[in-house]
Amino acid sequence: MIPGGSVDLVVTDPPFAIEFKAQRSNYNRTGSRVLEGYSEIPKEEYPKFTQQWMQEAFRVLKDSGSMYIFSGWNNLKDILIASDDIGFITVNHLIWKYQFGVVTRRKFVTSHYHCLYVCKNDKQRKFFPFARHSKDEKRPEGGSMHYKDKEDVWVINREYWTGDQKTPTKLPRELIEKILRYSSEEGDIILDPFLGSGQVAIVSKMLDRQYIGFEIVKEYYDFANERLKTNQYRLASPNISSAPLPFN
Ligand SMILES: C[S@@+](CC[C@H](N)C(=O)[O-])C[C@H]1O[C@@H](n2cnc3c(N)ncnc32)[C@H](O)[C@@H]1O
């Protein structure tokens, strides 16, 4: 339903391909404040699913548009293959390094995510190199702030919304803000086909961008919609009294 060539930027964290047994134990945490109903894609359907949604993303993006796709290492292969097949141009392969991975005994702890930055036309692609730091800004410990911010490893903490309503996985606000500032302008149309808690739409609204999003789980859709309608970044759990943070 989205017209071709109409979207400026896609930022998304697609569902993972996992075994459904693992899904139940990981995500159906009854009794906690994590909203239930997480929807995943069966492993054998993942390559086709990935091809289909990425093809649609290619169709709706403007020639000046670009896309940032988050992925764990286990799903990355399908995303890289689809990206090449469809004709996206890879701009960067970013690493998001976060704190507190799941502790493991017999292997190393995964504490990063991949983020593939791709576009349709590298000459027309929007990029605002000084959107966050001027050329001359210095870091307190010395060296250029601008250079540091533009390195391809991003160290950004996950957010813990203790006591508030939440979905099982969400991208931190700072991560989305960084992408939006470098790759879009006020008024641009930002699309997230897999909204989850609605982070991409919410940060887009905070930065005066327009947004479009999809979410298959009604509970998550309602949660994202409520956050957008009430301009509240966090929503208190109905049975505890913690003050939600205002948008700005
Ligand atoms: C990894 S989560 C996204 C998290 C989101 N970035 C956030 O910050 O909250 C992926 C989301 O895609 C949703 N999803 C799965 N299949 C979908 C589909 N076919 N259409 C729309 N959403 C879907 C899942 O329910 C899940 O909420």
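What fraction of the DSSP beta bridges in the chain is antiparallel, stated in percent and rounded to the nearest 5?
Of all bridge pairs located within the chain, approximately 50 percent are antiparallel.
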(request) Any lysines with Cα under 16 Å of the residue 135 Cα? List them, leaving off those in the same chain fewer than 8 positions away. (result) 148, 150
(request) Two decimals is fine: what is log10 I(q)/I(0) at q = 0.08, 0.10 Å⁻¹ for the chain, from a Debye sum with one equal scatterer on every Cα and no solvent? (result) -0.32, -0.51
(request) Could you name the lysines whose alpha carbon sits less than 25 Å from that of residue 48, not counting residues in the same chain fewer than 8 places away? (result) 21, 62, 77, 120, 170, 218
(request) Please work out the Cα center distance from region 43-114 to region 138-177, rounded to the nearest Å. (result) 19
(request) Calculate one ³J(HN,Hα) per residue across region 118-134 by plugging θ = phi - 60° into the Karplus curve 6.51 cos²θ - 1.76 cosθ + 1.60, and present them in order as whole Hz with x for glycine and proline. (result) 10, 8, 8, 9, 5, 6, 8, 4, 7, 7, 10, x, 10, 5, 10, 9, 6
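All of the numbers you see were taken from the coordinates with simple rules; none came from a lab. Source: prediction; values computed, not measured.
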